């Protein structure tokens, strides 16, 4: 009888990898995360999807992927199911790219109602890859407000990488959903990875959100309660967060490892070097 467990698969000729830059993305921490991930699991859940670095690295057969950023989720859905149309539109953006084109697209993104589905997905990737320092940031009204980046020839997209990502994303259910509901269907043998907005290291360290909302102490407490409930249900759970006493107290009783991670994307240049972070594991 075939086993229901998921085994990590051999990489494709072009291995799937993150297709957007993302503040807090886990590409530089993937080795540490993979080392602490279960070797066998049924389904993979990631409720704070962001750049999806761990999903692309593990390449599970079944994924349940979600995020509160509806535009991010629309982009992943379009890449999954209409990747050639996304590539076609990105080709035009690459041909037209100038500072003027960037600001025209930023204005259209924020004000026009004619950007739908594939057009919006391609615009999302284009703005993400050409904005300053790859910093996707919105204001309290939900408007993208990052200036153009200082790139001579920005690497806007790689068709082979997008097709590899598409192939892997087709294995997953991809939805816009609150984290507390995103893993509601997780059961014993499933693996859930939470990578929330990090608890600030200080009162002045808050990073302007990539959605119009915020993620405060009450949300962190709710996340910890959700993680405990999943462990009691028999799931394997892993959480990334900042190394603060508040976070350590929330996850008392879990295994807590300290790792160093270098950050390439931050609103402050001084915060782009090595940072102490926590990888929290509950089984």
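Details
- If the chain linking residue 116 and residue 28 were pulled fully straight, counting 0.36 nm for each residue of separation and taking away their Cα-Cα distance, it would gain 28.4 nm.
- Each residue in 221, 89 was given a count of other beta-carbon atoms within 10 angstrom of its own, and listing them fewest first yields 221, 89.
- The tail of the calculated P(r) for region 91-244 beyond 25 Å holds 48 percent of all Cα-Cα pairs.
- Candidates 192, 148, 79: whichever shows maximal mean-square fluctuation once the chain is modelled as a Gaussian network with Cα springs under 10 Å: 148
- Quotient of Cα Rg and 2.2 N^0.38 Å for region 59-131, N being how many residues it contains: 1.16
- Length added when fully stretched, residue 233-residue 70, from 0.36 nm per residue minus Cα-Cα: 55.8 nm
- When the alpha carbon coordinates of region 1-156 are projected onto the principal axes, the ranges are 58, 33, 29 Å, largest first.
- The modelled label-to-label distance for the pair residue 260/residue 36, using points 7 Å beyond Cα in the direction of Cβ, is 1.7 nm.
- At R0 = 30 Å, FRET efficiency that the Cβ-Cβ distance of residue 96 and residue 163 yields, to 0.05: 0.85
- Kirkwood-based Rg to Rh ratio, the chain, C-alpha trace: 0.96
- Fewest-first sequence of 21, 104, 129, 167 by Cβ atoms within 10 Å of each Cβ: 104, 167, 21, 129
Coordinate-derived values only; no laboratory data. If you're wondering where the values come from, they're calculated on a predicted model, not measured in any experiment. Note that we place each Cβ from the backbone using ideal geometry, even for glycine, and neighbour counts take in every protein chain shown.
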